[in-house]
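All remarks here apply to the structure that follows.
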Amino acid sequence: MSGRREEILDAALAIADERGLEAVSMRALAERVGVTPMALYRHVKDKAALLDGMVGRLLSALLPTDGADGALAGEEPTWDQRLNALAHACRAVTQRHPWAAHLLFSRPAVTPDAVRAVDIIYLALVEAGVPESEVPRLERLISTFVIGFAASEASGRFTPGALDPRGRRGQLPAGELPGHSRVGRWLDLPVDLTAEFEADLADIRRMVVGAAARGGE
């Protein structure tokens with residue numbers, strides 16, 4: 001990536017952090033880097049290309065670095081360690097940039113760094129023994145879970161808001177929420193989102209192992 005393009009993408013991320021993704025425009029970006037809007041087009045041809053570049057920059061943070069994947073020094077990380085590291089890195093990115101999950105959901109992985117991040121998942125699934133025909137489907141499922149969890153956490157969807165679970169149930173006549181009545185005592189417990197994320201990742205690992213076992217039958 002050229003130094004100028006890198007500067008432009010850094011500026012776009014800064015604008016989104018300060019004022020939200022909707023504030024990122026070619027005009028605002030030109031003002032931030034001190035050039036005319038036309039000068040930007042030598043580095044990003046249009047708004048769509050800019051957004052794709054931002055996705056690539058975000059996903060570049062998911063690429064492994066030495067010691068970041070849970071393997072011991074000198075050891076090659078296992079497939080599940082690589083998936084685990086990628087999932088945690090994605091959650092960390094959206095915690096730093098709460099607007100990022102929406103962008104990751106809405107744009108395809110087309111830049112080199114974005115494609116490399118997806119390739120990590122493909123290779124991990126292949127090495128786990130998942131049939132190659134099933135790898136794309138499982139990659140989509142895993143990516144959707146990780147980004148969806150991160151998006152829900154960043155947006156506050158997992159927090160109770162003005163009413164806790166008991167208060168929300170109390171707004172409806174008795175008996176209209178039989179499912180809530182059955183699990184109500186668990187809904188009222190404080191939620192440890194980190195523990196829930198880890199439990200979900202463990203379920204995904206078991207799902208991958210199950211898919212590999214079925215493929216070997």
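The values are calculated or read from the model by the stated rules, or taken from the named source; none is laboratory data. Here the structure is a predicted model, which is why all the values come from computation and not from measurement. For neighbour counting, all protein chains shown are included, and Cβ atoms are generated from backbone atoms with ideal geometry for every residue, glycine included.
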**Message:** I'd like the full set of residues that are part of a helix (DSSP H, G or I) and small (Gly, Ala, Ser), limited to the range 177-217.
**Reply:** 179, 181, 184, 195, 199, 202, 210, 211, 212, 213, 215
**Subset of the range 108-153 [surrounded by 13 or more Cβ atoms within 10 Å (Cβ to Cβ) and of a type in the set (Ser, Thr, Tyr)]** = 111, 122, 143, 152
**Message:** Being in a loop (DSSP other than H, G, I, E, B) and aromatic (Phe, Trp, Tyr) is true for just one of 149, 158, 145. Which residue is that?
**Reply:** 158
**Item:** Residue that is surrounded by fewer than 14 Cβ atoms within 10 Å (Cβ to Cβ), among the charged types (D, E, K, R), within 27 Å of residue 159 (Cα to Cα) and touching an Asp or Glu at 6+ places or on another chain (Cβ under 8 Å), where the choices are 188, 192
**Value:** 188
**Message:** List the residue pairs whose Cβ atoms are under 8 Å apart, where the first residue sits in the range 171-198 and is more than 30 Å from residue 142 (Cβ to Cβ), the second is modelled with pLDDT of 75 or more and in a helix (DSSP H, G or I), and the two are 6 or more positions apart or on different chains.
**Reply:** 175/181
